[in-house]
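A.B. asks: Mind looking over this structure? Questions follow.
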Amino acid sequence: MPVLELRGITKIFPGVVANDDVSLTLDSGEIVALLGENGAGKTTLMNVVYGLLSADGGEVLVDGKPARIKSPRDAIDHGIGMVHQHFMLVEPLTVTENIVLGREPGRWGVIDFAAARERVRALSEQYGLKVDPDAKIQDLSVGMQQRVEILKALYQGARVLILDEPTAVLTPQEVHELFSVVRSLVEEGLSVVFITHKLEEVIAVADRIVVMRDGRVVGETKPAETDMVGLARMMVGRDVVLRIEKGASVCGEPVLEVEDLHVLDDRRLEAVRGVTFTVCGGEVVAIAGVDGNGQRELVEAIVGLRRPQGGAIRTKGRDVTHATAREAIEAKISHIPEDRHRRGLVLDFTIAENLVLGDHREEPYAKRGVMRPSVIAEMARERISAYDVRTPSERVLASALSGGNQQKVVVAREIGRGPELLVAAQPTRGLDVGAIEFVHRQIIAQRDAGKAVLLVSFELEEVMALADRILVIYEGRIVREFAAGEADDQTLGYYMTGGGGSKLEPAAAAAAETGGER
Amino acid sequence: MLGDIITPDLFASALRMATPLALAAIGGTICERSGVVNIALEGIMLTGAFAGAAITLATGNPWVGVLAAVLAGVAIAAIHAFASINLRADQVVSGTGLNILALGLTGFLMERLYGHPGTTDPVKMIRPLFSLPKPPEGFVGEVLRWVEGVFLSHTPIVYAAIVIAVVAQWAMYKTRWGLRLRALGEHPKAADTVGISVYRGRWAAVLMSGALAGLAGANLVIEQVGSFTENMTNGRGFIALAANIFGRWTPAGSYLASLLFGFADALQIKLQMFRGQIDIPPQFFLMLPYVLTVIVLAGVIGRAVGPAAVGQPYEKG
């Protein structure tokens with residue numbers, strides 16, 4: 001008998017059928033991957049199971065018996081736990097406080113913190129999820145926070161664990177650890193629903209794969225019976241190119257020259273420690289590295305969002321070392337920021353307004369300081385169709401779009417502006433394969449048009465798919481350079497984690513960087 | 001002259017002045033910890049003060065007046081709770097509206113009930129809790145005079161405020177209620193997903209802040225002034241909000257911050273008595289508590305970070 005069964009779940013939002021007669025079973029001790037693009041209805045379905053949304057039709061059965069789940073409390077009482085994509089943790093509280101929240105041990109309303117801590121310690125030992133019970137959530141890494149979330153569900157007595165896009169925020173190393181945690185949970189008798197849009201993860205971890213598209217279940221398979229290409233086709237509904245074909249790069253004049261650049265981070269520590277490189281017209285140069293090795297500060301310095309401490313930045317021979325963001329735009333530098341919500345878009349603005357940002361004071365969009373809505377709207381409609389943004393109109397708020405469409409708006413603005421240099425930071429973060437393919441095509445199109453592209457990515461897959469040259473950054477220094485196809489992911493991973501350059505003395509580092517110059 | 005200024009009486013007065021601020025500030029702390037900004041503290045305090053005066057005048061029993069003040073505070077807070085929790089109104093707008101309402105309503109009711117604006121007849125006041133024998137002369141007597149003057153000369157609500165501060169501080173960090181309250185203001189959805197009712201928790205917190213601000217009004221009228229005057233709270237609700245921030249959203253911190261503001265107020269009154277000897281216009285002394293508020297809020301305390309979700313209405317799903 002399945003521990004969890006969904007029969008004909010239907011959920012309708014105004015104008016959208018998010019779940020259309022969805023049925024699903026989960027057997028005891030099984031890992032089912034729920035695969036689908038962003039907006040396919042995976043999370044909606046699981047929110048129904050967890051009592052955060054009420055279904056318009058269908059029923060949920062737990063251990064073969066119909067379960068009335070009206071709130072998360074009901075779901076917890078039925079042994080269902082959920083780890084949300086955006087963690088449901090209270091940052092200033094401790095690990096223990098977060099785990100016991102809602103079911104605090106104690107009497108007369110007074111919490112028995114000693115007992116609580118003991119329970120947390122016992123659970124964390126039983127499942128091999130090591131974590132400091134007294135640490136505050138805000139001081140923990142994302143991977144650690146996720147452990148706390150899992151422990152929280154276990155503390156509440158979960159036998160079925162729903163993981164919503166659990167790898168979206170993790171580093172490759174943390175993903176690896178998560179997979180082994182999931183396997184040990186199953187060994188301890190839990191059953192797991194694993195929501196994702198990443199194909200390789202599904203194949204790595206799932207016992208069974210259920211694919212959703214447009215609110216429906218469109219197929220079911222097992223990892224042994226399929227491959228990435230087959231899964232991608234099932235998920236998107238058409239053939240998807242997982243790796244863009246591209247010709248050899250035709251290198252033109254240097255467009256971006258960075259020379260001995262030093263940049264401080266927000267804590268006033270040196271994050272970029274003397275970086276030198278060049279990007280030519282017609283090539284994609286990728287900065288590969290683990291998050292937090294100075295990539296963010298490097299990008300911000302180039303696009304005028306952060307003042308370098310020393311060194312020089314030139315575009316087409318023009319000095320932009322101390323350019324403001326506005327001067328950077330005028331120097332034809334475009335920037336796809338890594339966080340589209342915080343930096344890429346103003347979520348409360350319409351698509352049209354977002355598309356004109358940065359050019360809003362220029363002709364023809366403005367005249368004598370007054371914006372011209374009809375011109376802007378026309379431009380917006382053109383770009384919406386050129387960049388395939390799925391929206392009923394340019395007057396829709398950016399916040400109403402799915403992640404993939406939001407990113408298309410950012411790409412449309414930054415590339416539509418006609419830059420000489422495109423700085424793309426994590427341009428496909430959180431996107432599904434269909435949208436990734438689109439963004440990758442746009443980046444390659446820029447390169448083929450003779451423009452320079454600087455790509456920053458934590459995903460080796462992406463780096464190797466797009467780059468003509470790869471610069472590995474570690475602790476604020478470029479430690480190695482590879483030509484496309486010269487390094488596999490193991491070699492890159494080795495240098496990214498300090499393998500070749502952790503003990504580099506400044507002189508040696510300088511030598512390595514000079515070696516990286518053309 | 002310094003000896004004339006620094007007397008037991010000055011510190012006793014500071015404690016008295018701090019009491020309405022502290023009660024309202026602790027109310028504000030509880031409210032904001034749940035995620036609701038309560039800018040209406042001023043209006044609630046004023047309404048409480050009026051209800052306290054009116055009911056004491058009508059019944060002749062100041063304790064009934066205190067109860068009325070608390071209930072009136074709860075009633076106004078209920079409007080704020082309904083608007084900002086259920087209707088998801090902008091909490092600053094709702095609070096500002098209630099402040100204006102309280103000012104108008106108390107003025108209107110003055111005219112209707114007593115036939116004149118301004119100040120009511122004197123109300124029966126609550127006396128200090130302890131009646132003390134006159135201390136003897138000499139050093140021992142001097143010490144006793146300080147202890148009695150500063151600590152033992154007060155009315156019941158002054159002591160109640162201290163007890164409330166200690167209990168609330170303990171409850172916020174040691175009890176189920178406190179943990180859930182803190183979760184509500186930081187990440188209501190996280191609380192919701194573990195089965196804590198956001199609406200119920202916030203309602204309770206807003207009503208509690210209403211009761212405390214109402215009690216502050218009662219203290220003002222029934223223990224300190226002895227009659228109600230239009231707009232007699234005179235910005236105390238806002239200073240209480242500042243004290244809440246200065247106290248870093250903790251009950252004990254709110255109390256101590258209120259004590260500082262209370263001291264400024266007491267000092268200001270004291271200095272006015274020496275008007276002849278000090279060549280500074282009295283208006284400058286009057287400014288003291290407010291200037292202190294500005295200085296404190298403008299950065300002496302560094303960056304104060306409040307509850308993350310404060311001011312944001314919660315919508316399920």
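Every number here is computed from the coordinates shown, using simple stated rules; none is lab data. Because the structure is a prediction, the values reported are computed rather than measured. In this analysis, Cβ positions are derived from the backbone assuming ideal geometry, glycine residues included, and neighbour counts consider all displayed protein chains.
A.B. asks: Can you tell me the relative contact order of chain A? Whole percent, Cα pairs under 8 Å, sequence separation 6 or more.
C.D. replies: Numbers: 1049 pairs, mean separation 74.6, N = 518.
So the answer I get is 14 percent.
A.B. asks: To continue, here is another question. For the stretch A:24-101, which trypsin sites (Lys or Arg not before Pro) are both in a DSSP coil and crowded by at most 15 other Cβ atoms within 10 Å? It would help to have the intermediate numbers written out before the result.
C.D. replies: Working: sites: A:K42, A:R68, A:K70, A:R73; in loops: A:R68, A:K70.
Qualifying residues, ordered by number: A:R68, A:K70.
A.B. asks: Under the definition of partner shielding as Cβ atoms of other protein chains within 10 Å of a residue Cβ, what is the mean value for peptide A:45-57?
C.D. replies: On the way: counts 0, 0, 1, 0, 0, 1, 4, 5, 2, 1, 0, 0, 0.
Rounded to a whole number, the mean comes out at 1.
A.B. asks: Right, next: Taking a cut-off of 14 Å, what percent of all Cα-Cα pairs in the stretch B:72-125 are separated by more than that?
C.D. replies: Value for the stretch B:72-125 (Cα pairs over 14 Å): 62 percent.
A.B. asks: Sticking with this structure for a sec: Give me the extension gain from A:V229 to A:E59: residue separation times 0.36 nm, minus the current Cα-Cα distance, reported in nm with one decimal.
C.D. replies: 57.9 nm
A.B. asks: For B:V93 paired with A:S23, estimate the spin-label separation in nm (one decimal), with each label point 7 Å from Cα along the Cα-to-Cβ line.
C.D. replies: Here the answer is 4.9 nm between the modelled labels.
A.B. asks: Hey, which lysines would be in cross-link range of B:K174, C-alpha to C-alpha under 30 Å, not counting anything within fewer than 8 residues on its own chain?
C.D. replies: A:K130, A:K136, A:K152, B:K189, B:K316
A.B. asks: Give, in nm to one decimal, the length gained when the segment between A:D134 and A:A248 is fully stretched (0.36 nm per residue of separation minus the Cα-Cα distance).
C.D. replies: Using 0.36 nm per residue and subtracting the Cα-Cα distance, I get 35.6 nm.
A.B. asks: Taking one equal scatterer on every alpha-carbon of the stretch A:155-212, how large is log10 of I(q)/I(0) by Debye at q = 0.14, 0.21, 0.24, 0.28 1/Å?
C.D. replies: -0.37, -0.85, -1.09, -1.39
A.B. asks: Let me ask you something else. With all distinct Cα pairs included, what does the Kirkwood hydrodynamic radius of chain B come out to in Å, to one decimal, could you say?
C.D. replies: On the way: mean 1/r = 0.0496 Å⁻¹.
So the Kirkwood estimate lands at 20.2 Å.
A.B. asks: What does the average come to when, for each residue of peptide B:172-184, you count the partner chain Cβ atoms lying within 10 Å of its Cβ?
C.D. replies: Mean number of neighbouring Cβ atoms from other chains: 5.
A.B. asks: Which whole number of Å³ per residue matches the convex hull of the alpha-carbon atoms in the stretch B:132-180?
C.D. replies: 79
A.B. asks: Give the calculated FRET efficiency between B:Y159 and B:M273 to the nearest 0.05, with a Förster radius of 30 Å applied to their Cβ-Cβ distance.
C.D. replies: 0.65
A.B. asks: Along the principal axes of its C-alpha atoms, what lengths does the stretch A:367-503 span, in descending order and rounded to whole Å?
C.D. replies: Over the stretch A:367-503, Cα extents along the principal axes are 58, 33, 26 Å.
A.B. asks: Would you kindly state how much longer the chain becomes between B:L101 and B:N61 on full extension, computed as 0.36 nm times their sequence separation minus their alpha carbon distance, in nm to one decimal?
C.D. replies: Residue separation times 0.36 nm, minus the Cα-Cα distance, leaves 11.7 nm.
A.B. asks: Continuing with the same structure: With all pairs of different alpha carbon atoms counted, what Kirkwood hydrodynamic radius in Å does the protein assembly as shown show? Intermediate values should be presented prior to the final figure.
C.D. replies: Values: mean 1/r = 0.0323 Å⁻¹.
For the protein assembly as shown, inverting the mean 1/r across all distinct Cα pairs yields 31.0 Å.
A.B. asks: Considering all projection directions equally, how large on average is the shadow of the alpha-carbon convex hull of the stretch A:437-495, in square nanometres?
C.D. replies: Its Cα hull, projected and averaged over all orientations, spans 4.2 nm².
A.B. asks: Using +1 on the beta carbon of Lys and Arg, -1 on that of Asp and Glu, and nothing else charged, what's the dipole of the stretch A:1-160 about the Cα centre, debye to 20?
C.D. replies: Value, rounded to 20: 280 debye.
A.B. asks: Please list the radius of gyration and Dmax for the stretch A:181-295, considering alpha-carbon atoms only, with Å as the unit.
C.D. replies: Considering the stretch A:181-295 through its Cα atoms, Rg and Dmax are 21.9, 61 Å.
A.B. asks: Just how many % of Cα pairs in the stretch A:264-372 lie over 19 Å apart, if you round to the nearest whole percent?
C.D. replies: 55
A.B. asks: Show which lysines lie in cross-link reach of A:K222 when reach means a straight Cα distance below 21 angstrom and same-chain residues fewer than eight apart are skipped.
C.D. replies: A:K42, A:K198
A.B. asks: Let me ask something else about it. What order do you get for B:229-237, B:129-137 when each peptide is scored by the mean count of other beta carbon atoms within 10 Å, highest first?
C.D. replies: My ranking of the peptides, most packed first, is B:229-237, B:129-137.
A.B. asks: Next question, about the same structure. Please quote Rg/Rh for the stretch A:88-237 to two decimal places, taking the Kirkwood radius as Rh and restricting both calculations to Cα atoms. Could the numbers behind the result be given before it?
C.D. replies: Values: Rg = 17.6 Å, Rh = 16.9 Å.
Computed over Cα atoms, the ratio is 1.04.
A.B. asks: For chain A, what is the mean residue ellipticity at 222 nm derived from helices alone (per DSSP H run of n ≥ 4: -39500 (n - 2.57); sum divided by total residues; nearest 500 deg cm²/dmol)?
C.D. replies: Working: 17 runs with 169 residues, N = 518.
My calculation for chain A gives -9500 deg cm²/dmol from helical runs alone.
A.B. asks: Turning to a different aspect of this structure: Under 8 Å for C-alpha pairs, at least 6 residues apart: give me the relative contact order for the stretch A:56-210, rounded to a whole percent.
C.D. replies: So the answer I get is 27 percent.
A.B. asks: If you don't mind, there's one more thing I want to ask. With no other cysteine's Cβ closer than 4.7 Å, which Cys residues of the protein assembly as shown count as lacking a disulfide-compatible partner?
C.D. replies: B:C31
A.B. asks: Cross-link partners among lysines for B:K270, C-alpha distance below 27 Å, same-chain residues fewer than 8 apart left out?
C.D. replies: Cα-Cα hits under 27 Å: B:K124, B:K134.
A.B. asks: Compute and list, largest first, the equivalent-ellipsoid semi-axes of the stretch A:1-66 from the alpha carbon gyration tensor, each √(5λ) rounded to a whole angstrom. Let's see the in-between values first.
C.D. replies: Numbers: eigenvalues 84, 39, 15 Å².
Output for the stretch A:1-66: semi-axes of 20, 14, 9 Å.
A.B. asks: Let me ask another. Give, rounded to the nearest 20 debye, the magnitude of the charge dipole that chain A has about its Cα centre when Lys and Arg contribute +1 at Cβ and Asp and Glu contribute -1 at Cβ.
C.D. replies: Roughly 1240 debye, rounded to the nearest 20.
A.B. asks: Let me ask something else. Using 1/(1 + (r/R0)^6) with R0 = 22 angstrom and r between the beta carbons of A:S393 and A:D348, what's the FRET efficiency to the nearest 0.05?
C.D. replies: Taking R0 as 22 Å, the efficiency between A:S393 and A:D348 is 0.85.
A.B. asks: Please list the three semi-axes, largest first and in whole Å, of the ellipsoid equivalent to the stretch B:197-317, using sqrt of 5 times the eigenvalues of its alpha carbon gyration tensor.
C.D. replies: The answer is 33, 19, 11 Å, longest axis first.
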